[in-house]
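Computed from the coordinates by the stated procedures, all read-outs in this text should not be read as laboratory data. Computed from a predicted structure; not experimentally measured. Here the Cβ positions follow ideal geometry from the backbone for every residue, glycine too, while neighbour counts run over all protein chains shown.
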């Protein structure tokens with residue numbers, strides 16, 4: 001049975017809504033957690049999460065992105081989808097069990113300090129969550145509405161639990177426990193919908209081996225990305241003189257940047273699924289269109305956010321985290337570079353290289369980036385703490401971007417110079433916005449209302465500048481959105 005081609009714009013809206021909901025919980029809870037657990041408690045969370053992340057990454061072993069790609073290729077073949085789903089489920093169980101045994105070995109050794117061992121074991125519940133994680137199925141089928149519902153559940157549980165259960169600086173274990181359980185519950189609730197379509201009894205010949213090698217080549221860049229995102233916290237934990245404070249500042253700043261990066265990467269899963277499908281049917285024109293759209297999205301969202309964060313870092317830090325996090329403003333200013341680098345890596349890596357089977361390229365490039373990050377961390381963290389880790393991270397990501405762009409250009413299959421030339425409008429509009437925000441910052445008091453006023457005013461000026469410059473994205477997609485909204489209002493009035 002041939003499936004109906006879903007709306008790319010509609011899926012993007014669902015994906016963006018899901019990502020914005022993912023933003024809501026940290027925005028609400030981060031100020032409370034910063035003041036309740038203090039920088040030491042948040043530092044413990046950052047370090048423990050970094051340890052468990054390696055094992056969670058191995059348990060997943062690239063099966064999610066591989067499964068998404070394979071299901072997207074076979075959307076019209078339910079029998080093949082059944083087989084892929086069930087075989088990947090078995091593999092997840094096996095790899096999660098191996099990861100758990102390995103984690104127990106690490107915890108019982110001298111590599112982990114005694115004060116962290118119980119926290120790591122609590123956080124290991126996330127390995128069980130990997131088994132029940134079937135997001136790849138809905139992503140491959142391009143059913144992002146279901147994933148948005150999942151996000152509502154997990155974030156609602158998280159927000160409620162923070163204010164009900166976390167009351168003192170000693171409640172770090174409670175935070176890790178409910179956070180891990182919330183992920184598990186959110187994964188479990190996706191099963192009933194899938195079970196209505198997946199037919200276990202019709203699968204006779206199970207072949208697990210055929211998935212391991214292609215998943216492995218996808219796993220390598222994913223592992224590289226995991227290492228890249230948590231390596232700094234791990235190395236701070238072992239190299240910094242005041243590790244928990246340094247990790248508290250670093251983890252808090254990184255949490256805020258990751259919240260923002262969610263917006264920059266909101267189109268990633270949507271375009272990855274569509275590009276995998278288009279690549280399977282050799283629709284290269286469509287892939288070029290989507291890649292260009294992905295880059296434009298990075299420019300239109302990334303430039304104003306980066307400039308806004310650069311100008312308002314000290315005010316945002318004070319409102320979010322309060323006193324005791326003196327290094328966070330400087331960390332945020334350094335991390336503004338990551339707003340753009342994350343977006344570019346998302347387009348080239350997740351939307352282009354991985355969906356089109358170029359996992360080895362991602363692995364090689366990420367290996368170079370990780371190697372440089374390890375060396376720079378070793379040289380800088382012992383002297384400069386979390387500031388050194390931030391400099392090392394941004395420098396390494398700069399190297400990554402250069403390599404990604406170099407390969408993208410010389411491979412030339414989907415390269416179009418317009419992806420870079422189109423950025424000037426957004427950069428200019430963001431600079432104009434930045435000048436206004438800078439002027440307002442000097443006049444307005446340091447409070448939340450002023451921050452909101454500057455953000456709103458900056459957004460209006462930025463969008464107005466793009467409309468004056470007749471930007472395609474603003475005009476075309478804005479028109480589509482308002483036409484759909486007008487249509488719904490008309491139907492309601494009937």
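If each residue's Cβ is checked for other Cβ atoms within 10 Å, how do 315, 167 rank with the fewest at the top? Let's see the in-between values first.
Working: 315 19, 167 10.
By the 10 Å Cβ count, ascending: 167, 315.
For the residues 117, 79, 327, what sequence is obtained by ranking on other C-beta atoms within 10 Å, fewest first?
Arranged by neighbour count, lowest to highest, 117, 79, 327 become 79, 117, 327.
With only alpha-carbon pairs counted, each pair once and no self-pairs, how large is the Kirkwood hydrodynamic radius of the stretch 247-389 in angstroms?
Details: mean 1/r = 0.0597 Å⁻¹.
Hydrodynamic radius (Kirkwood, Cα only) of the stretch 247-389 equals 16.7 Å.
Which of the peptides 432-445, 30-43, 345-358 is most tightly packed, and how do the rest follow, judged by the mean count of other Cβ atoms within 10 Å per residue? Please list the in-between numbers first.
On the way: 432-445: 14.4, 30-43: 20.1, 345-358: 23.8.
Descending mean neighbour count gives 345-358, 30-43, 432-445.
Any chance you could list the semi-axes, whole Å, largest first, of the equivalent ellipsoid that the Cα gyration tensor gives for the stretch 31-184, using √(5λ)? Let's see the in-between values first.
Numbers: eigenvalues 209, 84, 20 Å².
That gives 32, 21, 10 Å for the three semi-axes.
Contact order normalised by length for the stretch 261-353, with contacts defined as Cα pairs under 8 Å and 6 or more residues apart; what percent is it? Display every interim value, and only then the final one.
Details: 74 pairs, mean separation 43.8, N = 93.
This gives 47 percent for the stretch 261-353.
Can you give me the Rg/Rh ratio for the stretch 233-326, using Cα atoms for both radii and the Kirkwood formula for Rh?
Working: Rg = 18.9 Å, Rh = 16.1 Å.
Rounded to two decimals, Rg/Rh equals 1.17.
So what's the stretch 307-379 giving for Rg/Rh, alpha carbon basis, Kirkwood Rh from the mean inverse pair distance?
1.13
When each pair of different Cα atoms in the stretch 410-463 is counted once in the 1/r mean, what is the Kirkwood radius in angstroms, to one decimal? All intermediate terms of the calculation are to be shown ahead of the outcome.
Details: mean 1/r = 0.0762 Å⁻¹.
Across the stretch 410-463, the inverse of the average 1/r is 13.1 Å.
Would you kindly calculate the translational diffusion coefficient of the stretch 114-157, applying Stokes-Einstein with the Kirkwood radius from alpha carbon pairs, for 10 °C and a viscosity of 1.306 mPa s, and quote it in µm² s⁻¹ without decimals?
Details: Rh = 12.4 Å.
The calculation lands on 128 µm²/s.
Would you calculate, for the chain, the mean residue ellipticity at 222 nm contributed by helices, counting each DSSP H stretch of 4 or more residues as -39,500 (n - 2.57) and dividing by all residues, to the nearest 500? Before the final figure, lay out each step's value.
Numbers: 19 runs with 405 residues, N = 494.
Here the helix-only value at 222 nm equals -28500 deg cm²/dmol.
Compute the length gained on full extension between residue 364 and residue 402: take 0.36 nm times their separation in residues and subtract their Cα-Cα distance, giving the result in nm to one decimal. Each step should come with its number before you reach the end.
Values: separation 38, 0.36 × 38 = 13.68 nm, distance 1.33 nm.
Taking residue 364 through residue 402 to full extension adds about 12.3 nm, to one decimal.
Measuring from centroid to centroid over Cα atoms, what is the spacing of the stretch 373-391 and the stretch 90-143 in Å?
Rounded to whole Å, the Cα centres lie 28 Å apart.
Kindly put 278, 114, 171 in sequence by how many other C-beta atoms sit within 10 Å of each C-beta, fewest to most. Working shown, then result.
Values: 278 21, 114 7, 171 17.
Ascending number of Cβ neighbours within 10 Å: 114, 171, 278.
Take the stretch 137-269, drop everything but the C-alpha atoms, weight them equally and run the Debye formula without solvent; then report log10 I(q)/I(0) at 0.14, 0.16, 0.17, 0.20 Å⁻¹ to two decimals.
Debye curve over Cα of the stretch 137-269, log10 I(q)/I(0) at q = 0.14, 0.16, 0.17, 0.20 Å⁻¹: -1.01, -1.23, -1.31, -1.44.
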